[in-house]
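Worksheet for the structure shown next.
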Amino acid sequence: MYSFLVNFGYFLLLINFIVFAIGLSKKQKSYVIFTVYLFLIVCIQLITLVLRKLGVNNLFLSHFYFIGQFLMLGLFYFNLIADKFQKKVIKITLVLALLSLVIQYSIRPDLFFEFNLYEIFITSFLLIIYATFHFYNMLNGKKVFYYINIGIILYLFGSTILFLVGNLSIMLSSKYYKVPSRINYILYIVFQLFILIEWRKSFYKNKETNSLN
C-alpha cells in the first residue's frame, strides 16, 4: 500500500508536469513559474528514487525540495498577486526566510544531513500565508489558479503538522509509526489531483476553444 501511494503520487506529478509543459507557450508568467516548479520537483523526486534504489542516503535532497518549493511558489504568488502591500510582504519575507536558512546552515552544516524542522515550518508557513493572500483577493476578483491554491493550502498545512510531530512516531508501536508518512503521501496525491483539476478546468477548455476558432 505504501509503495502504491508513493508511485501514484510520482505518476500524477509527472502527468501534471507534462500537461502544463505542453501548453507553456504564450502563457502568463505565473503559469510558466508554476510549470518550472513542477519540473524542479520532478527532477528532485527522480534523483531521490534513483538514490533510494542504489541504497544511498537521500535525506539531504529534502532541503532542495523545501527550499526549491518555497522559492518557486513564492515567485509564483509574487507574480500572481497585484496588491502592492501583499507583494511587499512576500518579497521581504521571502528574502528574510532564505537569509535565515543560509545563516542557520552556516552555523550548523550538520543539519544538511538531517530533517530541518525550522526549514520545513518557515517555508511552509509563509507559503500558506501567500496562498491565503490569494484567496482573499479572489473573494471579489477573478478566480485564477483557484484549485491549485486550495491544493497548496491543504497539502502544506497537513504535511507541516505531520513533519513537526513526526518525531513522536518513534514512540508509536510498529503498527502505527508509518501512519504519518502514509497520510502525507495521501495529502500529496490530493494536491496533485487539485493541480490536474486546475489544468482541466482552466487551461484545457481554453485550448479546446482556441482550436475551434
Review point. Quick one: what does P(r) look like for the chain with 5 Å bins over all Cα pairs, in whole %?
Key: 1, 7, 13, 18, 20, 17, 12, 7, 4, 2, 1, 0, 0
Practice item. Describe numerically, in nm with one decimal, the distance between label points set 7 Å from Cα along Cα→Cβ at Phe115 and at Lys143. Key: 3.5
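Would you mind telling me the share, in percent, of accessible area of region 79-118 contributed by carbon and sulfur at probe 1.4 angstrom?
Values: 2000 of 2720 Å².
Roughly 73 percent, rounded to a whole number.
How much accessible area per residue does region 16-172 have, counting only protein heavy atoms and a probe of 1.4 Å, in square angstrom?
Numbers: 8510 Å² over 157 residues.
On a per-residue basis, 54 Å².
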Practice item. Output ³J(HN,Hα) for region 127-135: one whole-Hz value per residue in order, computed from phi by the Karplus curve 6.51 cos²θ - 1.76 cosθ + 1.60 with θ = phi - 60°, and x for Gly and Pro. Key: 5, 5, 5, 4, 5, 5, 3, 5, 4
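Can you send over the carbon and sulfur percentage of the accessible area for region 121-160, probe radius 1.4 Å, protein chains only?
Details: 1320 of 1840 Å².
Its accessible area is 72 percent carbon and sulfur atoms.
Fully extended, how many nm does the chain gain between Gln104 and Leu59 (0.36 nm per residue separation, minus their Cα-Cα distance)?
On the way: separation 45, 0.36 × 45 = 16.20 nm, distance 1.76 nm.
Taking Gln104 through Leu59 to full extension adds about 14.4 nm, to one decimal.
Let a ≥ b ≥ c be the square roots of the eigenvalues of the Cα gyration tensor of region 1-121; is it rounded (a/c under 1.5), or, if not, prolate (a/b larger than b/c) or oblate? Please list the in-between numbers first.
Details: a/c = 2.63, a/b = 1.09, b/c = 2.41.
Oblate, because a/c is 1.5 or more while a/b does not exceed b/c.
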Study note, to complete from the structure: Length gained, Thr93-Tyr136, 0.36 nm per residue minus C-alpha separation, equals 13.6 nm
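The values are calculated or read from the model by the stated rules, or taken from the named source; none is laboratory data. Computed from a prediction, not measured in an experiment: that's the story for all the values here. Note that we place each Cβ from the backbone using ideal geometry, even for glycine, and neighbour counts take in every protein chain shown. Ligands, DNA and RNA are stripped out before the accessible areas are found, and what is left, the full protein with its side chains, is counted by its heavy atoms. Shrake-Rupley method; radii C 1.70, N 1.55, O 1.52, S 1.80 Å.
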